[in-house]
Amino acid sequence: MKKTLEVKTGTDKYKILIGDNILSSSGSLIKKKLINPRVFIITNKFIHKLYGKKLENSLKKNKISFNKIVINDGEQYKNIKTINLITSKLLEYKIDRNDTLIAFGGGVIGDIVGFSASITLRGINFIQIPTTLLSQVDSAVGGKTGVNTKEGKNLIGTFYQPKLVIADVSLLKTLPKREILSGYAEIIKYGLIMDKKFLHWLLDNESKLKTYNKKYLIEAVFRSCKNKAIIVKKDEKEKNIRAILNLGHTFGHAIEAINHYQKSLTHGEAVSIGIMMALEMSSLQGNILNKNLNKIKDHFQELKMKTKIPINIKSKTSLKKFKEIMNSDKKVKNNHINLILLKNLGKAYLASRYSTKKLDSVINKYIN
Ligand code: NAD
Ligand code: GLY
């Protein structure tokens, strides 16, 4: 089973292919997008060991030559040092403008490779082969690239679209449950911010999603990417509406930064807690009913998603510190934190006016 979607931006368009076991035939899909039959696979040690051969065999079968750059695994390597390492290697290999990079991995690899592609020789083509649920439903689509700095997350980066996205859900079978749940936070996000029908479908199919039923997973990935494509088409460079894709992220990024991006809390787990905080704030603002807030909280808890900040992270922060980190978010304008809140279930908005007292009380509730 394979489903196809198209992402259109002002200047370009590309396909997202979603299916079961499509990595083994990815070579022929990739070949159609190449100018030179030469690619650079950029991945991490772990994914290389798990799935490297499958991708390489398919490239060989289609007479595509390749070099590999295998980096360390982890969010802590999503930094400018790794970009230096990759771009230097590409130049040593004498990459030319008609070559293509393949981002083979989760969101960390995707963001790093997209950024490298956008700056190497002032821009070369790249293809996304996302291997985590989070990257299949979110990060591989829409062209946001970047790295973290000590000041905060994704503060250096570019908007740079891939030429193709290949999402093979069969790769998710090796993904730890924690990572599946991290991806699910981004899936339910689409339901909450813009697609009430999808939200109800997710709530209704909780049991199927819990058992990783492939048919339902493909449907969830497809409907997530479809929603993302709608937003990216309207606002590729996040001048307005695209900001709603960041529901829960301003809170989540602060939690990640307090934890120094350590593996003890994944990006998706931080987003999951952040979404709950954004929903609490929406409820305090009188936008969503308490019973709806509780319905979503119950769903998260039923799936065993994170809804609370772990004690060891809480103990490292205070209201003042938390807000200081939130203040380095990209949505901050004139020193004012803009929040993504819900008007109701299925509709989000960028809130520049809200009660600071209520924001403080939400943060206090979560850090104390
Ligand atoms: P990740 O890339 O760190 O992957 C999570 C873990 O799963 C890693 O250890 C990885 O090696 C492992 N893994 C990957 N595929 C696997 C597989 N098939 N089987 C077993 N293990 C596998 O994390 P992620 O959650 O995919 O991505 C998070 C990153 O994405 C963050 O840096 C975040 O900022 C970024 N992000 C970017 C966007 C965007 O629009 N660009 C959107 C959302 C998130
Ligand atoms: N993940 C948010 C965005 O792509 O805009």
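The values are calculated or read from the model by the stated rules, or taken from the named source; none is laboratory data. Since the structure is predicted, the reported quantities are computational estimates derived from the model, not experimental observations. Neighbour counts are summed over all protein chains in view; Cβ atoms, including those assigned to glycine, are modelled from backbone coordinates with ideal geometry. We work out accessible area using only protein heavy atoms, side chains counted, and drop any ligands, DNA or RNA first. Shrake-Rupley method; radii C 1.70, N 1.55, O 1.52, S 1.80 Å.
Does anything in the range 334-366 have its amide N under 17 Å from the 7 Å Cα→Cβ label point of E324, and if so which residues? Once the point is set 7 Å along Cα→Cβ of E324, 335-337, 364 turn out to lie under 17 Å by backbone N, inside the range 334-366.
Helix screen, the chain: DSSP H segments with Cα axial length of 15 Å or more and mean Kyte-Doolittle hydropathy at least 1.0 are 107-119. Listed by chain and number, the aspartates and glutamates whose alpha-carbon sits under 14 Å from that of K233, ignoring those within fewer than 8 places in the same chain, are E6, D12. Straight-line reach from K2: taking Cα to Cα under 17 Å and skipping same-chain neighbours fewer than 8 places apart, the aspartates and glutamates in range are D20, D168, E219. Among N335, N290, N227, the residue with the largest mean-square fluctuation in a Gaussian network model of the chain, with springs joining Cα atoms closer than 10 Å, is N335. Using the rule -39500 (n - 2.57) for each DSSP H run of four or more residues, divided by the residues of the chain, the 222 nm mean residue ellipticity is -14000 deg cm²/dmol. Out of the total accessible area of the range 210-368 (probe 1.4 Å, heavy atoms of protein only), what percent is carbon and sulfur? Ligands and nucleic acids excluded, carbon and sulfur give 51 percent.
Accessible area per residue for the range 53-173 is 38 Å², calculated with a 1.4 Å probe on protein heavy atoms, without ligands, DNA or RNA. With 28 Å as the limit on Cα-Cα distance, the pairs of K163/K215; K150/K196; K32/K153; K31/K208; K61/K81 that go past it are K150/K196; K32/K153; K31/K208; K61/K81. Dividing the mean sequence gap of close Cα pairs (under 8 Å, 6+ apart) by how many residues the chain holds gives a relative contact order of 16 percent. Full extension of the chain between K358 and K304 yields a length gain of 16.7 nm, computed as 0.36 nm times the residue separation minus the alpha carbon distance.
Treating r as the C-beta distance of N205 and K233 and R0 as 35 Å, the FRET efficiency rounds to 0.80. Annotation: for a label point projected 7 angstrom from Cα along Cα→Cβ of N98, residues of the range 1-39 with backbone N closer than 16 Å are 31-39. Cross-linked pairs K214/K314; K237/K316; K177/K263: Cα-Cα separations exceed 25 Å for K214/K314; K237/K316. Is the shape of the range 1-133 best called rounded, prolate or oblate, per the rule: a/c under 1.5 gives rounded, else a/b larger than b/c gives prolate, else oblate, with a ≥ b ≥ c the square roots of the Cα gyration tensor eigenvalues? Because its axes are fairly even, with a/c under 1.5, the range 1-133 counts as rounded.
Which residues does the label zone of H260 cover in the range 78-119, counting backbone N under 18 Å from a point 7 Å along Cα→Cβ? Under cut-off, by backbone N: 78-81.
For the range 1-156, the dipole from Cβ point charges (+1 on Lys and Arg, -1 on Asp and Glu) about the Cα centre works out to 500 debye, to the nearest 20. Think of the range 318-368 as a dipole: +1 on every Lys or Arg Cβ, -1 on every Asp or Glu Cβ, centred on the Cα centre; then among G346, F322, I367, G346 lies furthest on the positive end. A cut-off of 5 Å between modelled amide H atoms, ignoring neighbours fewer than 5 places along the same chain, links K3 with I18, G19.
Restricting the range 94-127 to trypsin sites (Lys or Arg not before Pro) that sit in a DSSP loop and have at most 12 other Cβ atoms within 10 Å of their own Cβ leaves K94, R97.
The residues of the range 188-286 have, on average, 36 Å² of accessible surface per residue, using a 1.4 Å probe with all protein chains present. For K49, a cut-off of 14 angstrom between C-alpha atoms picks up these aspartates and glutamates, skipping any fewer than 8 places away in its own chain: D73.
Which one, C225, I193, H249, is farthest towards the positive end of the dipole of the range 144-260 when Lys and Arg carry +1 and Asp and Glu -1 on their Cβ? Farthest towards the positive end: C225. GNM on the chain, alpha-carbon springs under 10 angstrom: the most fluctuating residue among S26, S135, S318 is S318.
In this Cβ point-charge picture (+1 for Lys and Arg, -1 for Asp and Glu), the chain has a dipole of about 360 debye about its Cα centre.
Counting only Cβ charges, +1 for Lys and Arg and -1 for Asp and Glu, the dipole size of the range 240-355 around its Cα centre is about 160 debye.
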